[in-house]
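As structure tokens, the structure follows; a few thoughts come after it.
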Amino acid sequence: QMWEEAIALGKELAEQYENEMFDYEQLSELLRKQAQFYENIVKVIRPKPDYFAVGYYGQGFPTFIRNKVFIYRGKEYERREDFEARLLTQFPNAEKMKTTSPPGDDIKNSSGQYIQCFTVKPKLDLPSKFHKPVSEQIVSFYRVNEVQRFEYSRPVRKGEKNPDNEFANMWIERTIYVTAYKLPGILRWFEVKSVFMVEISPLENAIETMQLTNDKINNMVQQHLNDPNLPINPLSMLLNGIVDPAVMGGFTNYEKAFFTEKYMHEHPEDHDKIEKLKDLIAWQIPFLAEGIRIHGEKVTDALRPFHERMEACFRQLKDKVEKQYGVRAVLSSLDDRRGSRPRSMVRSFTMPSSSRPLSVASVSSISSDSTPSRPGSDGFVLEPLLPKKMHSRSQDKLDKDDLDKDKKEKKKEKRNSKHQEIFDKDFKSTDISLQQSEAVILSETISPLRPQRPKSQVINVISSERRFSVSPSPPSSQGTPPPITPRTKLSFSIQSNLELNGMSSSDIPDVPPPLPLKGSMADYGNLMESQDLISPTTSPPAHQR
């Protein structure tokens, strides 16, 4: 799931495919993978592993780990107890140390085996390209990956113990470990090369704690804005622990410890730090307001009393903070996220056309009498599908009865044009099936757009007897009937066209122009079968066309 590393390698490979090999097919496949990786980074929640510092002390260990400290990367959801059990199976004779402080020379020089193990926190080291605030989903990867510095904080008390406020004299002793290489690498553990320690004053510790709390609230609010289906329980616990003073005490302890005249008089150098702490307290109010607003939208009826109590505590806290530390405006990023279009709406507009029902606009545009503007939406394309879709078994029976009746009444009408019969059949099937079915849109769509019957078919009734038989010809000079040739079809189309132009059959010349001389047997091969009765060398006799 280290998609960030896969994207970096994919960009190097894409450069080769695009500019060196010119393999665009592989390039397109690679870019599709990269697009999926980017989507996974934003949408998929990845588990954050823990890191453990392990020290091997004593002369009983091999030399390559003796008296050295290593940083291990744990497995997903692996607790420290499970990691220690897995570690001690490799060294069954080793003794586990109870403290986290560095051991003395007596333990290092002893002949036994002592293992020290504790959890360390990786220190975020963002790449330089993130020069402005980005989403927490993107930054979360770098909190536990590509890390080389780790820290372990241990509380230390200095001075007199204050039973009323423990934050006043609580110092933090922070040990920072730097590994030889970044984790994770080719191994899941690397040796610690340098160790140094810093001390954090109680005021600096309070500033860090407030900053972490604000970041935690802001990150959780962003997660709920991006994904409304997240469970509400973590948000409830976080908000209630801050606004309800009976749970954690809130920042009231900081006010008692650092915002007094006594502390200001004893530590005049901490004036800027105190102002920064006050600013962080004031900025916590808009974050809490946004979190409580989201909590109110998602809370169930069973938790409604709990939410109302939390709102009451927040109103008191808000009035107090705004009166003492000022008012802070809500961040614009939250408003932009809240006002943006939900992703579900975007998906609804990108559904495939096959799964969408026909809209009203589509029906009205198709069923109108105007000329269609889209290719494939006119009636000429849909016309061949009409007899198949609107045909029924009852229609078959009616058609058979009609045909039998027509055969008994008139045999001559059987010789009518096939185009006329198909047109009549389609027209009848359309009328009958429209009464039986509800496919009104198809009939309204196709009927106005059906092409008109060619005018040449109007004369089919007049010339039907001439179409499938030889036209009667007046007695010619030779006295022999003209042979039947395949060119009679052409003579019919010429006659029809002439009649349409106002010429009668009497105006047509009796003798057609003679055929050109035959150059080879292949020129008029179709005419040889009918002209073998006369002579292969004589020209074909004249006949009425």
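The values are calculated or read from the model by the stated rules, or taken from the named source; none is laboratory data. The shown structure was predicted, so the numbers you read here are calculated from the model rather than taken from an experiment. Neighbour counts are summed over all protein chains in view; Cβ atoms, including those assigned to glycine, are modelled from backbone coordinates with ideal geometry. In case anyone asks, the SASA skips ligands and DNA or RNA and just uses the protein heavy atoms, side chains included. Shrake-Rupley method; radii C 1.70, N 1.55, O 1.52, S 1.80 Å.
If you rank ASP244, ASP272 by how much accessible surface each has, with a 1.4 Å probe, what is the order from largest down?
Largest to smallest exposure gives the sequence ASP272, ASP244.
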**OP:** Using the structure shown, list the pairs from LYS11/LYS43; LYS75/LYS121; LYS256/LYS278; LYS158/LYS273; LYS123/LYS216; LYS11/LYS33 with a Cα-Cα distance above 18 Å, or answer none.
**Re:** LYS11/LYS43; LYS158/LYS273
**OP:** Can you grab the distance from the C-alpha centre of the range 1-49 to the C-alpha centre of the range 305-329, Å, no decimals?
**Re:** 47
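Taking 1 over the mean of 1/r across every pair of different Cα atoms in the range 19-98, what Kirkwood radius in Å do you get?
The Cα-based Kirkwood calculation yields 16.8 Å.
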**OP:** Assuming 1.002 mPa s and 20 °C, estimate D for the range 207-325 with Stokes-Einstein, Rh taken as the Kirkwood radius over Cα pairs, in µm²/s.
**Re:** 140
Original post:
For GLU269 and PHE22 in the same chain, what is the full-extension length gain: residue separation times 0.36 nm, less their Cα-Cα distance, in nm?
Top reply: 82.4 nm
Original post:
Which sequence of THR99, THR209, THR175, THR63 reflects their accessible areas, 1.4 Å probe, from the largest down?
Top reply: THR63, THR99, THR209, THR175
Subject >> Accessible-area order (highest first, 1.4 angstrom probe) of the listed residues LYS121, LYS158 >> reply: LYS121, LYS158
**OP:** Over the alpha-carbon set of the range 3-43, work out the extent along each principal axis and list the three values in angstrom, largest first.
**Re:** 33, 16, 8
**OP:** First measure r as the distance between the Cβ atoms of GLN34 and LEU88, then evaluate 1/(1 + (r/R0)^6) with R0 = 35 Å and state the FRET efficiency to the nearest 0.05.
**Re:** 0.25
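Between ASP106 and LYS48, what is 0.36 nm times their sequence separation minus the Cα-Cα distance? Round to one decimal in nm.
My answer for the length gained is 17.2 nm.
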Original post:
Contour minus end-to-end for THR300 and PHE64, with contour as 0.36 nm per residue of separation and end-to-end as the Cα-Cα distance?
Top reply: 79.1 nm
Original post:
Distance in nm between label sites at GLU208 and VAL134, each 7 Å beyond Cα in the beta-carbon direction?
Top reply: 2.5
**OP:** Could you rank the peptides 4-17, 177-190, 273-286 by their average count of other C-beta atoms within 10 Å per residue, with the highest value first?
**Re:** 273-286, 177-190, 4-17
**OP:** Mind ranking 311-317, 35-41, 234-240 by how tightly packed they are, going by the mean number of other C-beta atoms within 10 angstrom, highest first?
**Re:** 234-240, 311-317, 35-41
**OP:** Give me the distance between the Cα centres of the range 197-245 and the range 118-185, rounded to whole Å.
**Re:** 15
**OP:** Enumerate the calculated ³J(HN,Hα) couplings along the range 106-112 in order (Karplus 6.51 cos²θ - 1.76 cosθ + 1.60, θ = phi - 60°), each rounded to whole Hz, writing x wherever the residue is Gly or Pro.
**Re:** 5, 6, 5, 8, 6, 8, x
